[in-house]
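Peer 1: Okay, here's the structure, questions in a sec.
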């Protein structure tokens, strides 16, 4: 009973946080939570999880979801490929197994959007399969415990750590608890900065703590500077209060979302465009810099192409994060006084 994993599990059962997906009887709910938690903090996910499950409570409901409500439910959570793959996987499950979720990590990995970590998490938590997870938290815990110098952004190194953990998870009665305990330890105790080593159940085995070099692990590879993409967008508003939006081009990142239109590609002419601010948004692979303009509308407006629309209730649309932030910041009396309507 002196094995380190017993101390870890004892700590977990006392210290684990309450989460709406923990102990949930439905594997579908755990699957949704694990997809949401990819590169996203727990506190951010909580309200999204509750709303998403209310809107799409079953695999069948998710498989049948239309774009607009699906993207609206995910709006602001980012990494939107996740929710598209979630629906693709649900559609495949409905077609191939009447919505039945696979019970092994190997089978789960065949579904869109499910990689080694997510498959291991679902299989261990829901179906008690002894397969270890390796996410950023787990890598940090054991990089410090074992003084590992591997770059855990690389899949081969994550597989190597999983192989090291395999004999230990084989010995526990609840593999799901073992995996959640490792992740919880990294989230609450073995944090990137200022780890709470005095409270850590693995402190007796931790080589970094013994040598007081916790800050040196894990090894973080240097990142290349993110490329920048610049664009000019325009905020146009009719007398009715309707704002002009354009559906994002059919690209994988933001397909189906609505945003403010590009200044240079409007389907009608405008006058007196004036810059009124800059908005920066960082994505995983680039940094977006938007310059915002306002302008005077023409006396009459032509019919709009299908990818444009006037909307008096922007909250009804799935909006890009940049657009939501721009509206929250720039919709004001001063701004709107510049475009009280079309020219008289």
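Read-outs throughout are calculated quantities, based only on the coordinates presented, and are distinct from any laboratory measurement. All values reported here derive from a predicted model rather than from experimental measurement. All Cβ positions, even for glycine, are placed from backbone atoms using ideal geometry, and neighbour counts span all protein chains on display.
Peer 1: With a cut-off of 8 Å between alpha carbons and a minimum separation of six or more residues, what is the relative contact order of the chain in percent?
Peer 2: Values: 505 pairs, mean separation 53.0, N = 344.
Over the chain, the number comes to 15 percent.
Peer 1: Find how much the distance from residue 168 to residue 13 grows on full extension, using 0.36 nm per residue of separation minus their present alpha carbon separation; answer in nm with one decimal. Let's see the in-between values first.
Peer 2: Values: separation 155, 0.36 × 155 = 55.80 nm, distance 1.78 nm.
Extra length available between residue 168 and residue 13 comes to 54.0 nm.
Peer 1: Sticking with this structure for a sec: With equal scatterers on the alpha carbons only and no solvent term, can you work out the Debye log10 of I(q)/I(0) for the range 150-281 at 0.09, 0.21 1/Å?
Peer 2: Those come out to -0.59, -1.40, one per q.
Peer 1: Once all Cα-Cα distances of the range 228-339 are split into 5 Å bins that start at 0, what whole-number percent is in each one?
Peer 2: Whole-percent P(r) values from 0 Å outward: 2, 11, 23, 27, 21, 11, 4, 1, 0.
Peer 1: Given all pairs of different Cα atoms, what value in angstroms does the Kirkwood hydrodynamic radius of the chain take?
Peer 2: Working: mean 1/r = 0.0436 Å⁻¹.
The answer is 23.0 Å.
Peer 1: Rg to Rh ratio, the range 15-72, alpha-carbon atoms and Kirkwood radius?
Peer 2: On the Cα set of the range 15-72, Rg over Rh gives 0.97.
Peer 1: If we count other beta carbons within 10 Å of each Cβ, what is the order of 270, 125, 220, fewest first? Mind showing how you got there, number by number?
Peer 2: Working: 270 16, 125 25, 220 11.
With the sparsest Cβ surroundings first, the list reads 220, 270, 125.
Peer 1: Which value at 222 nm does the chain reach when only helices count, each DSSP H run of 4 or more adding -39,500 (n - 2.57), with the total divided by all residues and rounded to the nearest 500 deg cm²/dmol? Don't skip to the answer; put the middle values down first.
Peer 2: On the way: 14 runs with 142 residues, N = 344.
Mean residue ellipticity, 222 nm, calculated: -12000 deg cm²/dmol.
Peer 1: Right, something else. Does anyone have the angle between helix 136-146 and the longest principal axis of the chain? Alpha-carbon axes, 0 to 90°, nearest 10?
Peer 2: Computed tilt is about 30 degrees.
Peer 1: A further question follows. Using only Cα atoms, find the angle between the long axis of helix 42-55 and the longest principal axis of the chain, and express it within 0 to 90 degrees, rounded to the nearest 10.
Peer 2: It is inclined by approximately 70 degrees.
Peer 1: Between residue 79 and residue 281, with labels modelled 7 Å along Cα→Cβ, what's the label distance in nm to one decimal, could you check?
Peer 2: Calculated label separation equals 1.8 nm.
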